[in-house]
Every structure is written in C-alpha cells, then in structure tokens.
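Here the structure comes first, spelled out in structure tokens, and everything after it is commentary.
The values are calculated or read from the model by the stated rules, or taken from the named source; none is laboratory data. Just so it is clear, the structure is predicted and the values come from calculations on it, not from any experiment. A quick note on method: Cβ atoms are made from the backbone with ideal geometry, for glycine too, and the neighbour counts reach across all protein chains shown.
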Amino acid sequence: MTQVLDGFCRVLELLMAAALAVMVVLVFGNVVLRYGFNSGITVSEEVSRWLFVWLTFLGAIVAMRDHAHLGSDMLVSRLPVIGKKICLVIGHLLMLYITWLLFSGALAQARINLDVQAPVTGASMAILYFAGIVFAVVAALFLAYELWLVLTGQLSDEELVMVKESEEQEELEALQAELAREHAETPAHLQPSAGAQK
C-alpha cells in the first residue's frame with residue numbers, strides 16, 4: 001500500500017511540474033508578446049490563476065504524504081508512547097473532520113458554479129472548486145490509512161511524531177540518521193578509536 005501511495009504522489013509531482021511549466025510559458029510568453037509585439041495570450045491570466053490553485057492543492061497532498069507540513073512537536077515529543085499515540089489519533093480524527101468540511105464546502109461551491117462560465121475561456125467555474133474536492137478526498141484517504149497504521153500498531157515510536165518544529169530540525173535529524181547508518185556500515189577496524197577521536 002505504501003508503494004501505491006508513493007507512486008500516486010510521484011504522479012502528482014509530475015502533474016505539478018507540468019502545471020508550473022505551462023504557467024511559466026503562459027506568463028512569460030504573455031509578457032514578451034505584450035512588450036515586444038503589442039499582442040498577448042488572451043487566456044494567460046485566467047488559466048495561470050487556475051493552475052496556481054490546482055498546484056497549491058496538489059502540493060498540499062504531497063506535503064501531507066511526506067509529513068512536510070510544519071507543526072509543533074514540543075509537547076508530543078516528550079510524551080510516552082501511549083501519549084503520542086493518543087495525540088496522533090485525536091489529531092488525525094480532527095483532520096478528517098476538517099477534510100469533510102472542506103469537501104462539503106468545495107462540493108457546494110462546485111454545484112453553485114457549475115453553470116457559471118469563466119469570463120475569458122468560457123469554461124465552467126466549477127473547475128476551480130474541484131481542486132478542493134480532490135484534495136479533501138485524497139487527504140482523507142491518506143489520513144484514514146495512517147490512522148489505521150496507528151491503531152494496528154504498525155508505526156514505530158519515531159513515526160508517532162509526524163510534525164517538526166522547523167525544516168532545519170528535520171534536515172538535521174535526517175543528516176544525523178544518515179551519519180549513524182554510515183558509521184554502522186563501516187567495518188570496525190576502519191573506525192577511529194576512542195583515543196584518536198580525542
């Protein structure tokens with residue numbers, strides 16, 4: 001299941017890269033045409049705005065899967081294992097409720113705007129709100145899967161704290177883990193002695 005979710009996130013990353021490339025071409029091309037040829041791409045601003053919204057929501061899905069959203073682990077990291085599990089379950093239940101609110105609100109807006117045409121492209125404005133629906137559904141699936149892992153005891157103690165105080169702290173911990181792995185893989189006769197380290 002983990003490989004399926006990781007593969008899905010890789011597909012989302014490719015879609016995000018494609019959306020970003022289209023945005024760059026549209027915006028930069030529009031600027032060049034306006035200043036160089038007194039012309040322009042009519043749909044540039046509208047499509048770029050829509051792609052930016054979709055890029056934001058898809059990026060939030062990938063960040064959720066990678067646990068890249070910043071949070072505060074000051075209290076949770078000091079709790080015993082059972083406390084960490086309780087906090088993780090409560091947090092995931094609250095996030096599932098929030099995704100439900102987001103889903104119901106985005107669905108309502110998509111229905112309201114289904115017949116509303118965008119001023120330039122003439123496409124349905126529901127496309128814009130559909131990004132919230134996609135995010136809510138996928139995020140709820142990710143959260144439900146992680147909740148199941150917690151409740152069945154399939155997460156290690158280190159994985160019970162899913163947020164970090166800062167990106168720098170996360171990078172430091174990743175570097176320390178990599179150095180520890182390298183140290184463990186180094187043969188004993190090649191490791192420096194305690195006297196040499198002093």
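Key figures for this structure:
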{"item": "Any chance residue 122 is exposed (fewer than 14 other Cβ atoms within 10 Å of the Cβ), in a helix (DSSP H, G or I) and more than 20 Å from the chain's Cα centre (by Cα)", "result": "no"}
{"item": "Residue in the stretch 25-33 that is of a type in the set (Gly, Ala, Ser) and either surrounded by fewer than 16 Cβ atoms within 10 Å (Cβ to Cβ) or in contact with a strand residue (DSSP E or B) (Cβ under 6 Å, 6 or more places away or on another chain) (or both) present", "result": "yes"}
{"item": "In the stretch 1-49, the residues that are of a type in the set (Ser, Thr, Tyr) and in contact (Cβ under 8 Å) with a residue 60 or more places away in the chain", "result": "42"}
{"item": "Given (1) surrounded by 12 or more Cβ atoms within 10 Å (Cβ to Cβ); (2) of a type outside the set (Val, Ile, Thr); (3) at pLDDT 85 or above, number of the condition residue 10 does not satisfy", "result": "(1)"}
{"item": "Any hit, the stretch 140-147, residues being at pLDDT below 90 and assigned to a loop (DSSP other than H, G, I, E, B)", "result": "no"}
{"item": "Flag for residue 55 being loosely packed, with under 13 Cβ neighbours inside 10 Å and at pLDDT 85 or above", "result": "no"}
{"item": "Lone qualifier among 86, 82, 98 - being exposed (fewer than 12 other Cβ atoms within 10 Å of the Cβ), closer than 27 Å to residue 149 by Cα and without any contact (Cβ under 8 Å) to a residue 60 or more places away in the chain", "result": "82"}
{"item": "Filter pass, residue 132 being at pLDDT 65 or above and either at positive phi or in contact with a strand residue (DSSP E or B) (Cβ under 9 Å, 6 or more places away or on another chain) (or both)", "result": "no"}
{"item": "Some residue of the stretch 66-75 being assigned to a helix (DSSP H, G or I) and either of a type in the set (S, T, N, Q) or surrounded by 11 or more Cβ atoms within 10 Å (Cβ to Cβ) (or both)", "result": "no"}
{"item": "Selected residue (criterion: nearest to the chain's Cα centre (by Cα)) from residues of the stretch 133-148 that are surrounded by fewer than 20 Cβ atoms within 10 Å (Cβ to Cβ) and small (Gly, Ala, Ser)", "result": "140"}
